[in-house]
Amino acid sequence: MKRRMLYSFIIYMKFFLSCSLNMKMVIMKVLFFCILGCVSTVSSIGNSSGGTMDGSEAWGYIEVRPRAHMFWWLYKSPNRVEDPSKPWPTILWLQGGPGGSGVGFGNFGEIGPLDVNLKPRNSTWLQKADLMFVDSPVGTGFSYVEDDKLFVKTDEESARDLTTLLKAIYKENATLEKSPLYIFAESYGGKFAVTLGLSVLQAIQQGQLQLQLGGTYYFHSL
């Protein structure tokens, strides 16, 4: 446990020191907000999750491979409507780079409910869908590995890790299974979107993942 905490601290500090001043302020504010507003639980060995008291947000770590931990953050839309004829969508946002933090840049910098100053964003996509952000590949943002040899080397390896994460999240959240998942990405994230879409479709066909894949969308992609 001490060794894991040390690895986590080192990875966090490397990411924190590489950020701009505005992003450092965001990280400090978000951590303070999370500490005040969450109740954390351990769901299984290697995985942990928490969320706000009202259930509108959830976040946590999934051990996608032994000693490789991926961080995710899910927002549930306050406008969500349960209509069987028009299922409420869930959007998974993948950041580019590779190495950009979806939880940091995509969330607070682009489409999440709060901007970099933690003020409400009027144009947030949360008005039209639930939003899921991940720090992928492992080693990005708050995701980390306990051994540098565990960093991914190909887009396909990254897709397998993300598929493992989705399997764990959807297994614990039955309401998500009713929502079609749309994978959105920008820049290099477009490559992640394509490889992840294929990996998810294969997992669905093999009965390993209970999920409705709505489609993949990407822009400014390489």
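The values are calculated or read from the model by the stated rules, or taken from the named source; none is laboratory data. The model shown is predicted, which means the values in this text are computed figures rather than measured ones. Here Cβ is always computed from backbone atoms with ideal geometry, including for glycine, and neighbour counts include all displayed protein chains.
Let's see how each residue does on (1) closer than 26 Å to Val194 by Cβ; (2) at pLDDT 90 or above; (3) surrounded by 14 or more Cβ atoms within 10 Å (Cβ to Cβ); (4) among the acidic types (Asp, Glu):
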{"position": "His69", "(1), (2), (3), (4)": "yes, yes, yes, no"}
{"position": "Lys76", "(1), (2), (3), (4)": "no, yes, yes, no"}
{"position": "Asp83", "(1), (2), (3), (4)": "no, no, no, yes"}
{"position": "Pro87", "(1), (2), (3), (4)": "yes, no, yes, no"}
{"position": "Glu110", "(1), (2), (3), (4)": "yes, yes, yes, yes"}
(request) Looking for whichever is of a type in the set (Asp, Glu) and in contact with a helix residue (DSSP H, G or I) (Cβ under 9 Å, 6 or more places away or on another chain) here; the options are Asp161, Asp155. Which one fits? (result) Asp155
(message) Name the residue that is farthest from Glu156 (Cα to Cα), counting only residues in region 167-193 that are part of a strand (DSSP E or B) and at pLDDT 85 or above.
(response) Pro180
(request) Mind listing just one residue for me: the one in region 153-204 that is among the charged types (D, E, K, R) and crowded, with 20+ Cβ neighbours inside 10 Å and, of those, farthest from the chain's Cα centre (by Cα)? (result) Glu186
(request) For Leu118, state whether it is more than 21 Å from Ile62 (Cα to Cα), surrounded by fewer than 18 Cβ atoms within 10 Å (Cβ to Cβ) and aliphatic (A, V, I, L, M). (result) yes
(message) I want to confirm something. Restricting to region 205-216 and keeping residues that are part of a strand (DSSP E or B) and surrounded by 14 or more Cβ atoms within 10 Å (Cβ to Cβ), which single residue is modelled with the lowest pLDDT?
(response) Thr216
(message) If I filter region 121-152 down to residues being part of a loop (DSSP other than H, G, I, E, B) and among the acidic types (Asp, Glu), which single residue comes out as surrounded by the fewest Cβ atoms within 10 Å (Cβ to Cβ)?
(response) Asp147
(message) So, in region 59-109, exactly how many residues are in a strand (DSSP E or B), touching a residue at least 60 places away in the same chain (Cβ under 8 Å) and hydrophobic (A, V, I, L, M, F, W, C)?
(response) 12
